[in-house]
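The values are calculated or read from the model by the stated rules, or taken from the named source; none is laboratory data. This structure is a prediction, so every number in the text was calculated from the model and none was measured. Cβ: placed from backbone, ideal geometry, glycine included. Neighbour counts: every protein chain shown. Ligands, DNA and RNA are excluded from the accessible area calculation, which covers all protein heavy atoms including side chains. Shrake-Rupley method; radii C 1.70, N 1.55, O 1.52, S 1.80 Å.
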Amino acid sequence: MNRRGAAFAMTECSGRRYEFERHGRREVVAKFDGGAMSSDGGALLLREVDRRLGLLGRLARCFRDERNQGLVKHRLGQLLAQRVYAIALGYEDLNDHEELRADPLLGLLAGKPGLGDEPLAGKSTLNRLELSAGRSDRYKKIHYEAAAIDALLVEVFIEAHPRAPESIVIDLDTTDLALHGHQEGRFFHGYYDEYCYLPLYIFCGEHLLGVRLRSADQDASAGCVDEIARIVGQLRAAWPQVAIVLRADSGFCREQLMSWCEANAVDYLFGVARNARLRRLVDEPMREAERLHQGSGEPARVFCEFDYQTATGSWSRPRRVVAKCEQLEGKENPRYVVSSLPPERWPARALYEQLYCARGDMENRIKEQMSLFAERVSTATMRANQLRLYLSAAAYVLVQGLRRLALAGTEFANAQVNTIRLKILKIAASVRLSARKLWIALASSYPYQPLFETLYQRLRL
């Protein structure tokens, strides 16, 4: 077999016949002998997104490659593109690349110059990329710079705005990433009832601004002041006049973070954990909500606000607290938030219902990270698992870029990653190489061809 044939070879079982139930008088027989084909024809659109964003090229510049370049077969940019595109397309495991390395379309996406001559990198090469310890090593010679990747995520967000916004809301949240081995930093978390990591995610709308892997043996807000200070500094360097509101649940309602916001002209809106003292302060509004509920039979809400300071001294000063006093069928449901936003701009009801409750959309953004396999933190070290979070984040930026640049106004404008992957990226395609062209024949029966045309036109602007 020649080199081109070897690169496009199928699995060892390619000669196997699979016989299925007959269709009328005809036998139904399948074989893996279709040649140079791919199931990911729609990924060409992601390639156009990357052309617009310049993401993967800049991501490669966040790494230090100490290999002898004269002996390198798989360039750094190709390794990263291969891994990130594969994650976006639904291939979470390095083992998948033992077969994917022969996929001609993935070779195109990765920028392999000798397309059709040699396969892409295999699982061992990609594994060495991920296992870098950040210092010189005989076998692991590619190292990432976390600060550079952190800055790149914010840079892409800034570039998404043709002009500076008047104000933005930054959301913070954490989630659990279950651990099933003895990874560095493993800790049993009582709330989640599992060994896990507790990464910090930072979003502005759909834009991912930062992700930091953390062990679970610390407070949910641990390290958030440093992360927010870094992000706010980068944003204000680009947009000096932008008004910033920091929003999070009660896990982030901490003196250190609130004091930092007050000292740096950043507004905040945080949930406050319920306690008996707060409940006593809203006793009358709660009775009013109960009367309204009894009169209507429907859930009733009454809002109030007051200055509040913790009795333990954990807050350095009194702050504005808004209470939602809600009576449901058979139970009361009080909730509290603390904010630096003035009541003239944000009355109590609007502050809670319009601004605070909107943070629930961040949960969808975190779920999308899991659709891009951010939970695959199965390597031994936290540094390597942090890189996996970065790779999932890069895949998210590409898919979110497709949503922002091309899907607006279509039926998939608000589609999540899994839907975009299934409906738009998964298109059967055959690949044919000629001396001058790379022909990609997409499935004639693909049901969203008009949408594909629309996306193509928008991305080629």
query: Once Lys and Arg get +1 and Asp and Glu get -1 on their Cβ, which of PHE306, GLN369, THR381 lies farthest toward the positive end of the dipole of the range 306-395?
result: THR381
task: Once you have the Cα-Cα distance between ARG51 and LYS367, take 0.36 nm times their residue separation minus that, and quote the gain in nm to one decimal.
output: 111.1 nm
Mean separation of Cα contacts under 8 Å (6+ apart) over length of the chain, as relative contact order %: 18 percent
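Compute the Rg/Rh shape ratio of the range 304-449: radius of gyration over Kirkwood radius, all on alpha-carbon atoms.
Values: Rg = 24.1 Å, Rh = 20.5 Å.
Dividing the radius of gyration by the Kirkwood radius yields 1.18.
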Computed FRET value (nearest 0.05) for GLN256 with GLU288, which takes r as the C-beta separation and R₀ as 41 Å: 0.70
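With the cut-off at 21 Å, report for the range 208-300 the share of all Cα pairs above it, as a whole percent. Before the final figure, lay out the partial values.
Numbers: 2200 of 4278 pairs.
Of all Cα-Cα distances in the range 208-300, 51 percent exceed 21 Å.
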task: Treating only the Cβ atoms of Lys and Arg (+1) and Asp and Glu (-1) as charged, compute the dipole magnitude of the chain about its Cα centre; round to the nearest 20 debye.
output: 1700 debye
task: Could you rank the peptides 326-333, 358-365, 434-441, 286-293 by their average count of other C-beta atoms within 10 Å per residue, with the highest value first?
output: 286-293, 358-365, 326-333, 434-441
task: Could you run the Karplus curve 6.51 cos²θ - 1.76 cosθ + 1.60 with θ = phi - 60° over the range 244-251 and give me ³J(HN,Hα) per residue in whole Hz, x for Gly and Pro?
output: 10, 10, 9, 10, 6, 7, 5, x
query: In whole Å, how far is the Cα centre of the range 179-256 from that of the range 92-133?
result: 32 Å
task: Determine the dipole magnitude for the range 295-421: charges of +1 sit on the beta-carbon of Lys and Arg, -1 on that of Asp and Glu, nothing else is charged, the reference point is the Cα centre, and the result goes in debye to the nearest 20.
output: 580 debye
- request: Enumerate the amide H contacts of ARG319 below 5 Å, restricted to partners 5 or more residues apart or on another chain; note that Pro and chain-start residues carry no placed amide H.
  value: TYR308, GLN309
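If R0 is 45 Å, what FRET efficiency do you get for ARG67 and ARG460 from their C-beta distance, rounded to 0.05? Walk me through the numbers before you get to the answer.
Values: r = 35 Å, r/R0 = 0.79.
According to the calculation, E is roughly 0.80.
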- request: List every residue whose amide H lies under 5 Å from the amide H of SER215, counting only residues 5 or more places away in sequence or on a different chain, with H placed 1.01 Å from N in the peptide plane.
  value: LEU198
field: Helix-only mean residue ellipticity at 222 nm for the chain, each DSSP H run of n ≥ 4 adding -39500 (n - 2.57), per residue, nearest 500
entry: -10500 deg cm²/dmol
query: Along the Cα-to-C-beta direction of LEU422, a point sits 7 Å from the Cα; which residues of the range 35-71 have their amide N less than 18 Å from that point?
result: 39-43
query: Given the alpha-carbon gyration tensor of the chain, what are the semi-axes of its equivalent ellipsoid in whole angstrom, ordered largest first, with each equal to the square root of 5 times an eigenvalue?
result: 47, 26, 22
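Quick one: if the Förster radius is 56 Å, what FRET efficiency do PHE306 and GLU194 give, using the C-beta to C-beta distance and rounding to 0.05? Please report the intermediate quantities before stating the final value.
Details: r = 39 Å, r/R0 = 0.69.
FRET efficiency, PHE306 to GLU194: 0.90.
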field: Residue-wise HN-Hα coupling along the range 164-173, computed from phi with Karplus coefficients 6.51, -1.76, 1.60 (Hz; x: Gly, Pro)
entry: 5, x, 6, 8, 9, 10, 9, 9, 10, 7
- prompt: Counting only heavy atoms of protein chains, what accessible area per residue, in Å², does the chain have with a probe of 1.4 Å?
  reply: 49 Å²
- prompt: At a 1.4 Å probe, what is the % contribution of carbon and sulfur to the accessible area of the chain?
  reply: 49 percent
task: Pull up all non-local amide H partners of ALA300: gap of 5 or more, or a different chain, and H-to-H distance under 5 Å with H placed in the peptide plane.
output: GLN327
- prompt: Once phi is turned into θ = phi - 60°, what whole-Hz ³J(HN,Hα) does the Karplus curve with 6.51, -1.76 and 1.60 give for every residue of the range 177-186, x standing for Gly and Pro?
  reply: 10, 5, 10, 10, x, 10, 5, 4, x, 5
